[in-house]
Amino acid sequence: MVTSPDTPKANYWGHMAETLTDSSGVAYRRPLLASEFSATPGKTLTIANGYYDKGETWGMITVDKAWNGTGGGCGRDTLPTVANLQTLYGTYPDNAMRSRNGWPMTSSGNNNVSRYWWAGDYVISSDGTKSLYAAVNLFNDGNDVKTTTSTSMYYMQTCLASPRSAAASLTLTLAGQDETTGSAKAKKGEQMAATIDVKDAAGQPMKNVMVKISRGSSYNRANSATSSSSITDDITLRNVMPSGLATYLLDTSAKYLYAQTDALGQVTFTLAQDSTAGLKTTISAATMDGSNLTDSKGAIFTVVTSPDSDKAKYWGHMPETFTNSKGVEFKRPLLRAELSSTADTSGYTENNETWYTWSRYPNMYQDTASPCDRLGLPTVNDLQTLYTDYPNGALTTTLGLPVASGKYWGAGNSVPDATHSDSQFQYVRLSDNNTLTTKANTATAQLCLAKRRDLSIELTSSDMDADKGAPVAKKGESLPLTVTVRDGSGTPQPNTAIRLGRTLSIDRAGVVDGSSGGGGMILTSVAPSTGSMTFNCTASSCTSYWYGMTDENGKAQLEVTQDDSRGLRTPLQAMLVDDPLTVSDMDVIFTVITSPDSDKAKYWGHMPETVTNSAGVKFRRPLLAAEMTSNSGTYLVNNETWPLVTAANTEKAGATGCDAEYQPLSGDLQTLYSDNPNGAIGTNYGWPVAGNKSWWAADRAPNTAYYQFINLNSGGKGTASSSTATGAQVCLVEPRTSTPASITLTSTAMDSAKNAAVVAKGSAMPLTVTVKDSSGNPVANVGFTLSRGDSKNRAGMVITDGDVAADAGADDLMLKELTPASASQSMTTTGIVFTGTTGSDGTATFTLNQDKSLGLKTPLTVKVTDNTTLHASLDVIFMVLTSPDTDKALFWGNMSDTTSVNGKTLHRPWLQAEMLSGVTPVFTNGVHANNEYWAMAHTVDNTKWDIAKQCGSLSKAPDNNDLLTLYHSISSLGWPTQGYPYLSKSSSSGGMYCGVDENTKSQNCAIKPAGTAGYATCVE
């Protein structure tokens, strides 16, 4: 019988197969008779098979024994799974397990429990929170699965021919997890993806394996557990696949969720901790198939209000850097615990973290505990832009910044106070964008820039003297100063606070001048304009500073004066107010006229190196005592020490500052004093004449041969008979001149053909007087005279005035000296003589004018004053436009001979003197116009001068249109126009010809050919 197994313990002979194989190849052992159990089963089942077959007695078993393998149980690893049993039913459906395979099951009576067969795996409850034992209906419905948590219920069992493969590995993976720590991070509000992978021993994914998902307690970053009653630690599971709820709350460590792996051996879900304060929670997964595999990972949900720092109390993702809309990048604020020292700070708590305020803002740049100095702080504008980008609390919600407590945040750009004598700090309250500017120390929170501002400062002056390494100005003048601030790329930085200070002034030897704190100074801010301030010091220190701002070009323009200077050098320093270590140093020098520019001087000076008197004698400045190899005494004037020399030593070579040939004559010194009387030499040139010393002359007194001197302060003169008498000395630039051998008078306007210098009336004629010695070298300081002769016309007649009153003074000359002195001399007569002196180059230059000239030649004569046998002459001619340049003219002229009219070249009218001999003139003496006599002509006249005789033929005369055109230019040509028309070859009616009055452009076509006189011009 198929309903009985082939075993001696059966009641009947049978052929029930020992194993069955389902469609997937899984083999199942037949059920056991009650007598085959290792221990008497707690419940049996007998199913009769008709009158003669009273049936077999089968054993039934509880799930605990079936899973544990006790009391005849299979053991869990050899119990088929729910899926196995469902596949077996699918292979033998609809009572085939009984009818075909003989297995004991029925739906009748109390034996209907025989339909259910224990499975070796759990079934998940509908809410996913429980694991249930399961038994599958193999009789008439494979989808009929009984679930229970009871271990006292009895069902049938079949054992697998071979044990099921248990899971060999379980891996829980969180998205983004750190492979070293096994933890993963996600931001509050985000979901963290999780995957559970279950594999067999061969590494193949295992399907339908139940896993348990659970959690531990939540801890903050300081490893302090969070109360389970707080919602901040609640973990929410979402999208659990392939089975389970869409959302499940693990609000305590006692909660868990079951899920079953899919065909890939995976369970996937997401984690979230939406109310987290920044916590870490252990998430665990365990297999429920008896393999007892587990894996755990840390899930960290961060908050924006905590930084990712091991010093933070909570786990956070506050950005390490962030940028405002103008591109300025900030670092996040530091926790108080992140400071290297908490000295000078106070803590405050916001959003569960402890931050700090700095209590020594002015000293921030020099305190190593500060995370940044003032150049590392953002500017007010940077902070205000940040607030504008994230207003009304958005700085906290978006960037996590602790601003709600209303702390002021320090800005890195100071500003001057109202008096520009100090600076003030600036702060911004990032809770409402309020600003505070104050000198008072203010507790400040800190935001540092990601990149410290790289600023440089430069103090310069356009009056820099490269040789002295400092800008230089004269006492009483001002020195321009420029302070420029640039960033690391060289771009000028506007609105940057700067400070300018000074130290004690020093003399040329570097010794501090203590007269009045080193010399009072006035500093004036030009641009931006902030007024002036006293820039003084005490006798031992300087504590006066100017504070200002750079303009839009990154510059500050200032001026400094030191009107009480003795001739001092003063060190200045420009400093970045917000970075006192960034400085630029430059000295300024204010010179005095009473000190020479010599390294032997005690003070800085600008005494002229040379002085020239009105006679052209050039003196060197007096020497300092330190500049001479020896002296015969000294005297102090205007803070400098000057030498005295004996009269005898002035005549010894090398004994004084200069030898005899370089010493001035008494006349030279007298002229110098006369030019600068009553102490003016000291005022004008800084010479130490206020000492009222006697200044030696090189020449002795004519009658006594005593040494001559002059007091250059008072003008008093005298002599000394003693050779040991002492006095002051001054030297000449050039040795006193050698003997003149020649004198010349020349002009660059020389006309060799006329053997005279020639210019047009109204122009200035250049003249040069040159004196040379016998070697041809120029001789300086030579006196000369320049005189004139009578002016004559070209015919050689002396002309003093013209024929009319308007020409009065026609021969007057105006002489102007250009060098070596400036002077003017009107030379109206031959008796007027100009007296001059050659300059250092042996010359004197002039201009000469004769602006009323009628066209005259005038001889000029120059003579050496001390030797009149040395002389030279030069004729000068001032030409007029109204006379032609011909020897037939009465006056010297530059009239144009020709002009172009209508494409023709027209020659001027002829002078009466230019007419050919043997021809009868129309008028015996011609026509007198503009001081010349012009020939008149007829148009056609066989007996008198006519056009043909002047031009060669009438055809070479201009036509009437040519003469009309000539009218427009004739005034600039100087051609005569008075009284008569210009004749043409153009004929008119009645045998008449036409002509034009060039004064009025009037046309006359009633010209009688042999009866009307006029000016004749010829076409060349």
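Here is how the numbers come out for the structure above:
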| item | result |
| --- | --- |
| In the stretch 847-882, the residues that are in a loop (DSSP other than H, G, I, E, B) and crowded, with 18+ Cβ neighbours inside 10 Å | Gln850, Lys852, Ser853, Leu854, Gly855 |
| Residue in the stretch 791-807 that is modelled with pLDDT of 95 or more and touching a Ser or Thr at 6+ places or on another chain (Cβ under 6 Å) present | yes |
| Residue selected from the stretch 388-424 under the condition of a type outside the set (Val, Ile, Thr) and within 13 Å of Phe322 (Cβ to Cβ), by the criterion surrounded by the most Cβ atoms within 10 Å (Cβ to Cβ) | Leu401 |
| Condition check for Asp200: surrounded by 15 or more Cβ atoms within 10 Å (Cβ to Cβ), under 30 Å from Pro80 (Cα atoms) and out of contact with any helix residue (DSSP H, G or I) (no Cβ under 6 Å at 6 or more places or on another chain) | yes |
| The listed residue being out of contact with any Ser or Thr (no Cβ under 7 Å at 6 or more places or on another chain) and in the same structural domain as Arg76 (by TED's automatic domain parsing), out of Asn140, Asn110 | Asn110 |
| Any pair with Cβ under 6 angstrom, 6 or more apart, that starts in the stretch 832-850 at a residue that is under 16 Å from Ser763 (Cα atoms) and ends at one that is not acidic (Asp, Glu) and not in a strand (DSSP E or B) | Thr847/Ala764; Asn849/Ala764 |
| Pick from the stretch 698-716, criterion modelled with pLDDT of 95 or more and not small (Gly, Ala, Ser), ranking: surrounded by the most Cβ atoms within 10 Å (Cβ to Cβ) | Leu712 |
| Any pair with Cβ under 6 angstrom, 6 or more apart, that starts in the stretch 948-976 at a residue that is closer than 14 Å to Val901 by Cα and in the same structural domain as Lys904 (by TED's automatic domain parsing) and ends at one that is surrounded by fewer than 19 Cβ atoms within 10 Å (Cβ to Cβ) and of a type outside the set (Gly, Ala, Ser) | Lys956/Val1019; Pro958/Val1019; Asp962/Asn902; Thr965/Asn902; Tyr967/Lys1001; Leu973/Thr899 |
| Residue in the stretch 887-935 that is farthest from Asp751 (Cα to Cα), counting only those that are basic (Lys, Arg) and assigned to a loop (DSSP other than H, G, I, E, B) | Arg908 |
| Number of the exception - Ala134 against (1) in a loop (DSSP other than H, G, I, E, B); (2) touching a helix residue (DSSP H, G or I) at 6+ places or on another chain (Cβ under 7 Å) | (1) |
| Any hit, the stretch 253-267, residues being surrounded by 22 or more Cβ atoms within 10 Å (Cβ to Cβ), of a type in the set (S, T, N, Q) and farther than 21 Å from Ala83 by Cα | no |
| Condition broken by Ala872, with the remaining ones in (1) within 22 Å of Asn755 (Cα to Cα); (2) in contact with an Asp or Glu (Cβ under 7 Å, 6 or more places away or on another chain); (3) touching a residue at least 40 places away in the same chain (Cβ under 8 Å) satisfied | (2) |
| Of residues in the stretch 475-499 being part of a loop (DSSP other than H, G, I, E, B) and in contact with a Gly (Cβ under 6 Å, 6 or more places away or on another chain), the one surrounded by the most Cβ atoms within 10 Å (Cβ to Cβ) | Gln493 |
| Pairs where the first residue, in the stretch 430-448, is of a type in the set (Lys, Arg) and the second is surrounded by 13 or more Cβ atoms within 10 Å (Cβ to Cβ), C-beta under 8 Å, 6+ apart | Lys439/Asp417; Lys439/Asp422; Lys439/Ser423; Lys439/Gln424; Lys439/Phe425 |
| Residue among Ala844, Ala780, Ala795, Ala810 that is under 23 Å from Asp885 (Cα atoms), surrounded by 18 or more Cβ atoms within 10 Å (Cβ to Cβ) and hydrophobic (A, V, I, L, M, F, W, C) | Ala810 |
| Close pairs from the stretch 456-468: first in the same structural domain as Leu568 (by TED's automatic domain parsing) and among the acidic types (Asp, Glu), partner part of a loop (DSSP other than H, G, I, E, B) and modelled with pLDDT under 95, Cβ under 9 Å, at least 6 apart | none |
| Counted residues, the stretch 1-52 - those being outside the structural domain of Leu138 (by TED's automatic domain parsing), over 24 Å from Pro93 (Cβ atoms) and not aromatic (Phe, Trp, Tyr) | 6 |
| From the options Asp659, Asp675, residue that is more than 26 Å from Asp507 (Cβ to Cβ) and buried (at least 16 other Cβ atoms within 10 Å of the Cβ) | Asp659 |
| Scan of the stretch 364-404 for residues that are at pLDDT below 90 and more than 29 Å from the chain's Cα centre (by Cα), ordered by number | Asp367, Thr368, Ala369, Ser370 |
| Residues within the stretch 631-648 that are more than 30 Å from Trp604 (Cβ to Cβ) and crowded, with 19+ Cβ neighbours inside 10 Å, tallied | 2 |
| The stretch 929-945, residues that are farther than 22 Å from Asn960 by Cα and surrounded by 15 or more Cβ atoms within 10 Å (Cβ to Cβ) | Ala929, Asn930, Asn931, Glu932, Tyr933, Lys944 |
| Qualifying residue in the stretch 295-302 (condition: part of a strand (DSSP E or B), among the hydroxyl-bearing types (Ser, Thr, Tyr) and under 22 Å from Thr270 (Cβ atoms)) | yes |
| Strands (runs of 3 or more DSSP E) contained entirely in the stretch 6-115, each with at least 2 residues that are touching a residue at least 24 places away in the same chain (Cβ under 8 Å) and buried (at least 20 other Cβ atoms within 10 Å of the Cβ) | 57-62 |
| Whichever residue in the stretch 718-769 is within 60 Å of the chain's Cα centre (by Cα), under 24 Å from Val645 (Cα atoms) and among the aliphatic types (A, V, I, L, M) and, among such residues, is surrounded by the fewest Cβ atoms within 10 Å (Cβ to Cβ) | Val733 |
| Residues within the stretch 742-756 that are under 21 Å from Gly839 (Cβ atoms) and either in a strand (DSSP E or B) or not assigned by TED's automatic domain parsing to the domain that holds Leu848 (or both), tallied | 5 |
| Among residues of the stretch 216-232, those that are within 12 Å of Thr281 (Cα to Cα) and out of contact with any Lys or Arg (no Cβ under 9 Å at 6 or more places or on another chain), counted | 6 |
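The values are calculated or read from the model by the stated rules, or taken from the named source; none is laboratory data. Just so it is clear, the structure is predicted and the values come from calculations on it, not from any experiment. With ideal geometry, Cβ positions are generated from the backbone for all residues, glycine too; neighbour counts draw on all protein chains shown.
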